[in-house]
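Q: Pasting a structure here, questions to come.
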Amino acid sequence: MDKISQDLERAVAATVPDRAIFDYLIVGAGFAGSVLAERLANELGMRVLIVDKRPHIGGNAYDRYDDHGVLIHPYGPHIFHTNSEDIFEYLSKFTQWRPYQHRVLASVDGQLVPMPINLDTINKLYGLNLTSFEVEKFFESVAEKKDEIKTSEDVVVNKVGRELYNKFFRGYTRKQWALDPSELDASVTARVPTRTNRDDRYFADKFQAMPLHGYTRMFEKMLAHPNIKIMVNTDYREIVDIIPFRHMIYTGPVDAFFDNKYGKLPYRSLRFEHVNVPKEQFQAVGTVNYPNDYAYTRISEFKHITGQEHASTSVVYEYPCAEGDPYYPVPRPENAELYRKYEAEAENTPNVTFVGRLATYKYYNMDQVVGQALATFRKLQASHEAGRGLGSAALAAPVTA
């Protein structure tokens, strides 16, 4: 045995001193993996080892205090919102909440105007004084009606016409995805509403709040169970043949699990530039979008989001890029077809359950990942209660929210 293997054996022995068999090895300590670890340990008494290649738990939702004492989200702003009372109540077991409704401005034609487009957006942009009824008529007058909605471009021009599409959506989408909206599935821009009233909230969900003491503290409480062991800075492939376990839950990229045998699934990544500014406030709202100017897509200021009071403030500039950690599955028909090959492989892989955004190649919000994980737990629970044990392969339950 070489020295590296010996060192790894010692590290494993320190983490799992009795070398007991785990019921579950969970790959990834983000929302999907952490929710399943908590449910399996607390509800079924299962022994769980959760492994993450990053040096922390929480996945992309991980937060920390920067060198200036400001609480930041290293992987960009994560705003929690959901319409599901069950999901909100479940997470409330591990955190108190700070009410927060996210607001976004877009820099268009030298002005900062509300985004999503609403009544105030139109009035400010064009120097008008329309009512809600009149702005509805305005949208109807400029819309390019489509018989069939296939692409992201179709979604927008069908609602608000070509000019607003060019001002607010086309440039932003081209930066974010390196594709024209006409090349992307309709689901990308369908997520953004158009309003005829003055509602300037980015989300309209029933529950909108941030963990009072941050996401990392919430994850720590979620995983604080004697049956849950955690290994960070660890690629699961380094320990999968060393630590005995009965069943794997995999939340990483599904194509990587199968060694990219059909080719890599396309993802978009992000580069984050974090900056501390020596003043109390940098911008008027949590996020400002830049659809047409600069290489970055948006600037977010964390103190709006967290509610922290501090003499200085920290912001993050987001630069979309092709290489780096996988963040966004690229929604195009050919990519969905490639994923179906991996999905078939996953369905026929014994002793492994695939769950989460990367493992199922779906652009899920945080609450949807939690919902998928809870639904997956119920399937596993039913399997245990039926005496089927851990032997069968499983895909995560689909998200319908």
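Q: Of all helices (runs of 4 or more DSSP H) completely enclosed by segment 152-208, which ones contain at least 3 residues that are buried (at least 18 other Cβ atoms within 10 Å of the Cβ)?
A: On the way: elements: 152-164, 171-177, 187-190.
Because the criterion is at least 3 residues that are buried (at least 18 other Cβ atoms within 10 Å of the Cβ), the helices (runs of 4 or more DSSP H) in segment 152-208 that meet it are 152-164, 171-177.
Q: When you look at ALA322, is it free of Cβ contacts under 8 Å to residues at least 24 places away in the same chain and more than 14 Å from the chain's Cα centre (by Cα), yes or no? Working first, answer last.
A: Working: free of Cβ contacts under 8 Å to residues at least 24 places away in the same chain: no; more than 14 Å from the chain's Cα centre (by Cα): yes.
Criteria not met by ALA322.
Q: Now for a different question. Give the residues of segment 328-354 that are within 13 Å of the chain's Cα centre (by Cα) and surrounded by 18 or more Cβ atoms within 10 Å (Cβ to Cβ), sorted by residue number. Walk me through how you get there before you give the answer.
A: The initial filter retains those residues of segment 328-354 that are within 13 Å of the chain's Cα centre (by Cα), namely 328-329.
Selection gives PRO329 alone.
Q: Only residues that are part of a loop (DSSP other than H, G, I, E, B) and touching a residue at least 60 places away in the same chain (Cβ under 8 Å): list them for segment 241-260, please. It would help to see each step written out before you state the result.
A: Our first condition is that a residue be part of a loop (DSSP other than H, G, I, E, B); within segment 241-260, this holds for 241-244, 251-253, 258-260.
Scanning segment 241-260 gives ILE242, ILE243, PRO244, THR251, GLY252, PRO253, PHE258.
Q: Here's another thing I want to ask about it. Hey, can you tell me all the residues within segment 270-286 that are assigned to a loop (DSSP other than H, G, I, E, B) and within 20 Å of the chain's Cα centre (by Cα)? Even if it seems obvious, please write down each step before you answer.
A: Of the residues in segment 270-286, the ones assigned to a loop (DSSP other than H, G, I, E, B) are 278-286.
The answer is GLY286, and nothing else.
Q: Cβ-Cβ distance below 7 Å, separation of 6 or more or different chains: which pairs start in segment 76-87 with a residue that is closer than 21 Å to ASP66 by Cβ and end on one that is at pLDDT below 95?
A: Listed pairs, sorted by first residue: none to list.
Q: Note down all Cβ pairs under 7 Å where the first residue falls in segment 108-129 and is in contact (Cβ under 8 Å) with a residue 40 or more places away in the chain and surrounded by 12 or more Cβ atoms within 10 Å (Cβ to Cβ), the second is assigned to a helix (DSSP H, G or I) and aliphatic (A, V, I, L, M), and they're at least six residues apart or on different chains.
A: VAL108/LEU125; ILE117/VAL160; ILE117/LEU164; LEU119/VAL135
Q: Let me ask something else about it. Residues of segment 91-115 being closer than 20 Å to ASP63 by Cα and either in a loop (DSSP other than H, G, I, E, B) or aromatic (Phe, Trp, Tyr) (or both), which ones?
A: Within segment 91-115, SER92, LYS93, PHE94, THR95, GLN96, TRP97, TYR100, GLN101, HIS102 qualify.
The values are calculated or read from the model by the stated rules, or taken from the named source; none is laboratory data. Computed from a predicted model, the values in this text were never measured in an experiment. Quick reminder, even Gly has a Cβ in these numbers, built from the backbone with ideal geometry, and neighbours come from all protein chains shown.
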